[in-house]
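The values are calculated or read from the model by the stated rules, or taken from the named source; none is laboratory data. Keep in mind that this is a model prediction, so the values were computed, not measured. To get the accessible areas, we keep the full protein, side chains included, count just its heavy atoms, and leave off ligands, DNA and RNA. Shrake-Rupley method; radii C 1.70, N 1.55, O 1.52, S 1.80 Å.
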Amino acid sequence: MTPPSDPTRWPEVKRLFEAALDHPSTTRETFLDAACRQPDGSVDVELRAAVNTLLRADADAEATAVTVGGFLAASPLDLGGLIDGLGVELAEAPEMPLEEAAPGTRIGPYRVIRLLGRGGMGEVYLAARADGLFERTVALKRVRADLAPSVAARFSTERQILADL
């Protein structure tokens, strides 16, 4: 990503990104040409690059959603009750039993509320932070123990992507 060199500009980048999404793709460039200007009227190259990076990432995510079976385009209710805006964290769970975690079960600092879904790699639970440090509801992924070593790098990458969001 091409972030602005001055982090105080992120609100402006976000505002322009969201405004650009409101324009059809055919008029976005014209909108950005007018919106990404410096006080002297010249193009604010850094601002434009940051907004364009977000627009490309958004388009890539949209394309991936379509090519991977429409996961992101599907209604959250069609995905086993996943909730829009649910915070996601991964818990270290070195000893993962093969059976489903019952509501109330502790996994790391989290208490399982209910199963959201199950797939070939494991389960996803609605869970809440239970160690008293802070309150947070999360989607907790639990990978099957026999797969954990082979997918550790993938989930480490996913954790970083989610943290960046």
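If you go through segment 1-13 and keep only what is open to solvent by 80 Å² or more (accessible area, probe 1.4 Å) and part of a helix (DSSP H, G or I), you end up with Pro7, Thr8, Trp10, Pro11.
Of the residues in segment 69-76, not one is open to solvent by 80 Å² or more (accessible area, probe 1.4 Å) and at pLDDT 50 or above. Can you work out which of the residues in segment 14-48 that are open to solvent by 60 Å² or more (accessible area, probe 1.4 Å), more than 25 Å from the chain's Cα centre (by Cα) and hydrophobic (A, V, I, L, M, F, W, C) is farthest from Ala59 (Cα to Cα)? Among residues in segment 14-48 that are open to solvent by 60 Å² or more (accessible area, probe 1.4 Å), more than 25 Å from the chain's Cα centre (by Cα) and hydrophobic (A, V, I, L, M, F, W, C), the one farthest from Ala59 (Cα to Cα) is Val43.
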